[in-house]
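Taken together, the values in this text are just the output of simple stated rules run on the coordinates, not laboratory data. Worth saying up front: this structure is predicted, and the values here are computed from it rather than measured. Every residue, glycine among them, receives a Cβ derived from its backbone with ideal geometry; neighbour counts consider all protein chains shown.
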Amino acid sequence: MFTSISDPQTQPIDPEDRAYWSQVRSQFMLEPGHAYLNNAALGMPPKPVRDAVAAGFRLMSENPSKAKRDFHGYIESELRPAMASFLGAETGEIALARNATEGLYHIVNGLGLAPGDGVLMTTQEHPSAVKPWKVRAERYGIEVREVHIPSPLVGADDILERISAAIDGRTKVLFFCHVTRGGYLYPVKRLCAMARDKGLISAVDGAQAVGMLHVDLAEVGSDLYTNSLHKWFLGPAGTGFLHVTRAMQPSFSTLYAPEAEPGGDARRYEIQGTYDLPVRAALGTALDFLNRIGIGNIERRLRMLSDYLRKALLEVPGLRLLTSLSHDISSPGSTIFEFDGIDAARWRGPMEEEAQLHVDDHDRDGHRGLRISTHYYNTTDEIDRCVEKLKEMARRDGR
Ligand SMILES: Cc1ncc(COP(=O)(O)O)c(C=O)c1O
């Protein structure tokens, strides 16, 4: 439960080493016969994480005051520094949160913007960000504009040019995803550098990035970055973080604690009061599990699986791949596609009920397609099974 967090594995592991990856897979408890290809919606935590949460709640019942002390001690002395190091950040820059949405609400409401100030985001943002930005615009008179980003993506330069062209004298903040809900990869370092060059604040929704690819926040160069650790990081449900750089902290208001509170670091952006300590502490177990594999090995395994999937999808009659084959603008984990003239989004239910294949619908930017998100615990056999089922569904719909 108070897992000692291993140093990151840096030795390369062959992404196709069946023996290694099936040993990793054996630590997941998915019901037999099911293939979970929907990690982008919610991750599937491995058994040690489940066990840590369960043991933690047992301790809370058996000896609450000791449990509280021990959890706080573990979170501050072990978990927070290890998370910061994993993210390429300083310990005092990480606020632990319940999810990305909490971080997004903080970003929207913590920034000191005056009526008339402008925020640019893109048409690919998640409702968890769009909604609070719209509330702030309505209530406080800031201007929030969405820059149209075509789907499928045209290229990294195109994204940069479109956002750059939309910046005007009112713009104070650039807000965008690192990886979109559909798995499109934005040129996040170049966008943050552009914001810096123009004296703007960069705020990033990293909900779909951390745990899927190597994220070093110092290299990303964002001022604010938030994430859900219950997706690709495979933490327990109800975990995330908000990163606020040291330079940003004096001008980024907390919603929870007095501004002048002494010794304040990013912890002042954490929601106050009692919270689910065993869940948060189990992030240490999730990080240890991840570090034992190594984020570089995870990213390579994900690339291998999604390249395999995308190639196989190209053989399905009538299927239009929306995700690029280029690694520059596609994430390693999520793949979206549609069928000409068919509403494939409604296949999500039958895929699960008839074939125990868990995928998600993709209903955005005029698409009515599907999203398949593959994590390192998936196999090429599961992908083959999924592609065969898609061919069957397409035949049923007259393809
Ligand atoms: C890009 C993006 N941002 C934010 C969120 C919200 O995440 P959560 O519900 O964990 O707060 C999601 C969830 O799918 C997402 O894909």
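Quick notes on this one:
- Near-label residues of the stretch 178-211 by backbone N, under 19 Å of a point 7 Å along Cα→Cβ of A114: 199-201
- Net +/- balance of residues flanking H362 in space, Cβ distance below 11 Å, scoring K and R +1, D and E -1: 0
- Simple label model, 7 Å out from Cα along Cβ direction - H34 to E16, nm: 3.1
- Counting 0.36 nm for each residue step from S77 to K131 and taking away their Cα separation leaves a gain of 15.9 nm.
- Packing order of peptides 294-305, 276-287, 64-75, 144-155, highest average first: 276-287, 294-305, 144-155, 64-75 (average count of other Cβ atoms within 10 Å over each peptide's residues).
- A simple count of charges around A266, restricted to other residues whose Cβ falls under 9 Å of its Cβ and scoring Lys, Arg +1 and Asp, Glu -1, yields -1.
- Separation in nanometres of the label points that stand 7 Å from Cα toward Cβ, at L160 and Y275: 3.6
- Under 27 Å of direct C-alpha separation, and excluding same-chain neighbours fewer than eight residues apart, K391 reaches these lysines: K311.
- DSSP bridge analysis restricted to the chain gives an antiparallel fraction near 55%, rounded to the nearest 5.
- For R346 and E388, a Förster radius of 22 Å and the Cβ-Cβ distance give a FRET efficiency of 0.70, rounded to the nearest 0.05.
- Here the Gaussian network model covers the chain, with springs between Cα atoms less than 10 Å apart; of M83, M60, M212, M60 fluctuates the most.
- Placing +1 on each Lys and Arg Cβ and -1 on each Asp and Glu Cβ, with no other charges, gives the chain a dipole about its Cα centre of roughly 380 debye.
- Distance between the modelled labels on S253 and D265, one decimal in nanometres: 2.5 nm (7 Å Cα→Cβ projection).
- Potential lengthening of the chain between R25 and S85 amounts to 19.0 nm, from the contour at 0.36 nm per residue minus the alpha-carbon distance.
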